[in-house]
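**Q** Right, I'll just put the structure down here and ask away after.
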Amino acid sequence: MREELIISGRMNPMVDPNLNIWHWQIPTYLFLGGIAAGILFFASLYYIMGREKKYTAAIKWAPLLTPFLLALGLGALFLDLNHKAFFWQLYLTIRFESPMSWGAWILMIITPLSVIWSATWLKELFPGWKWKYPILDQWEAYFIKHRFIIAWIMLIASVILGVYTGILLSAFNARPLWNTSILGPLFFASSLSTGAAVIMFMAKSHLERNIFSRIDLIMIAIELFLIVHMFMGFQASTQVQIDAANMFLGGPYTEVFWIFVVFIGLLLPAFLEVLELLGYKIPIVLTSALVLTGGLFLRFIIVYAGQASRYLY
């Protein structure tokens, strides 16, 4: 018998291609952008409904955070770029078939709107507030006069931003875990849940806190419904989708997903909110922190697990 020894060198590092698309910057951006979208959605919705005196935390206080949340998210996104000096080229064209193009333009719209919206409430929230330049007082009066129009634009933009964070992933057909239409609604529901959690924490009135606790319960129920149906859809699909679902059903992401997302981020805060609605005194900081933790882990796990899922094995 003639034996041949083949030396390929494949055991050496960097011989086989190693594709690392996204790291911590992308899920961080998705998380911060999702919170901002949720807060701005509730702020604009309840202002349009004429509830600015009833829900002051939702309409006036919580939106003060959104310019900083969006700035941090955009900063994380900028760090992820390989060619940072050319980011402006995203704004030289609009590609309707590209989720990234949609995201770039929506962020261009909603970020200044969040600043304008917050600025129109500063004198009411801080009675001693004064603008340094008279022209800023003129601009403030103009935007206050057209605040209703701004609210409508912001409402639509916040919905697009919240859904886009999931569609951005689902557009990657080569990643079985991401290739599902449920990610858009799931991430939007999570955005509303995390936004409601921030408003609950900042609310001073029991009525407002109670209302947003109920909203968060509804969003948690929707998230659980979508998660279950996402896995059901995977299990009823092709082998690569089944393999993607198995990453969470006995695979490497099982414990971290079901513990940190489903139990800590959804079931436990829902249980605490039900207890609070029944009259038990529950620290609101605990409930809000759990919801935010679940939203953060959801995005990190989906982003990392999605990159691990593939068609070829």
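The values are calculated or read from the model by the stated rules, or taken from the named source; none is laboratory data. Quick caveat, the model's predicted, so the values are computed rather than measured. Here Cβ is always computed from backbone atoms with ideal geometry, including for glycine, and neighbour counts include all displayed protein chains.
**Q** When the residues of the range 80-92 are filtered to those that are touching a Phe, Trp or Tyr at 6+ places or on another chain (Cβ under 9 Å) and either touching a residue at least 60 places away in the same chain (Cβ under 8 Å) or not aromatic (Phe, Trp, Tyr) (or both), which remaining residue is farthest from PHE172 (Cα to Cα)?
**A** The extreme case among them is LYS84.
**Q** Take the range 35-65 and flag every residue that is hydroxyl-bearing (Ser, Thr, Tyr) and touching a Phe, Trp or Tyr at 6+ places or on another chain (Cβ under 8 Å).
**A** Matches in the range 35-65: SER44, TYR46, TYR47, TYR55.
**Q** Counting only residues that are more than 12 Å from ILE182 (Cα to Cα), part of a helix (DSSP H, G or I) and in contact with a helix residue (DSSP H, G or I) (Cβ under 6 Å, 6 or more places away or on another chain), how many does the range 200-223 have?
**A** Within the range 200-223, residues that are more than 12 Å from ILE182 (Cα to Cα), part of a helix (DSSP H, G or I) and in contact with a helix residue (DSSP H, G or I) (Cβ under 6 Å, 6 or more places away or on another chain) number 12.
**Q** Going by the conditions given, is PHE96 at pLDDT below 95 and hydrophobic (A, V, I, L, M, F, W, C)?
**A** Considered against the rule, which asks whether it is at pLDDT below 95 and hydrophobic (A, V, I, L, M, F, W, C), PHE96 comes out as yes.
**Q** With the condition kept exactly as written, say whether any residue in the range 188-204 is surrounded by fewer than 17 Cβ atoms within 10 Å (Cβ to Cβ) and either hydrophobic (A, V, I, L, M, F, W, C) or under 19 Å from GLY306 (Cβ atoms) (or both).
**A** No: zero hits.
**Q** Follow-up. Mind checking whether some residue in the range 274-281 is among the basic types (Lys, Arg) and surrounded by fewer than 21 Cβ atoms within 10 Å (Cβ to Cβ)?
**A** Yes, the range 274-281 has at least one match.
**Q** For the list (1) of a type in the set (Ser, Thr, Tyr); (2) more than 22 Å from VAL159 (Cα to Cα); (3) touching a Ser or Thr at 6+ places or on another chain (Cβ under 6 Å), I need the number of the one condition that SER114 fails.
**A** The failed condition is (2).
**Q** In the range 241-261, what count of residues is obtained for those that are buried (at least 19 other Cβ atoms within 10 Å of the Cβ), assigned to a helix (DSSP H, G or I) and not aromatic (Phe, Trp, Tyr)?
**A** 4
**Q** Write out, first by first residue and then by second, each pair whose Cβ atoms fall under 6 Å of each other, whose residues are 6+ apart or on separate chains, and whose first residue, in the range 205-220, is closer than 15 Å to LEU275 by Cα and surrounded by 15 or more Cβ atoms within 10 Å (Cβ to Cβ) while the second is of a type in the set (Val, Ile, Thr) and modelled with pLDDT of 95 or more.
**A** Listed by first residue and then by second, the contacts come to PHE212/ILE199.
**Q** Which of the residues spanning the range 51-80 are aromatic (Phe, Trp, Tyr) and either buried (at least 16 other Cβ atoms within 10 Å of the Cβ) or within 15 Å of the chain's Cα centre (by Cα) (or both)?
**A** If the condition is that a residue be aromatic (Phe, Trp, Tyr) and either buried (at least 16 other Cβ atoms within 10 Å of the Cβ) or within 15 Å of the chain's Cα centre (by Cα) (or both), then TYR55, TRP61, PHE68 are the ones that fit.
**Q** Select the helices (runs of 4 or more DSSP H) contained entirely in the range 93-195, then report the ones holding at least 3 residues which are closer than 28 Å to LEU64 by Cβ and free of Cβ contacts under 8 Å to residues at least 24 places away in the same chain.
**A** 99-119, 134-145, 147-170
**Q** Among the basic types (Lys, Arg), at pLDDT below 95 and touching an Asp or Glu at 6+ places or on another chain (Cβ under 9 Å): does that describe ARG209?
**A** yes
**Q** On to the next question. May I ask you to list pairs of residues, at least six apart or on different chains, whose Cβ atoms are under 8 Å apart, with the first in the range 221-248 being under 21 Å from GLY295 (Cα atoms) and the second being loosely packed, with under 15 Cβ neighbours inside 10 Å and of a type in the set (Gly, Ala, Ser)?
**A** MET247/ALA308
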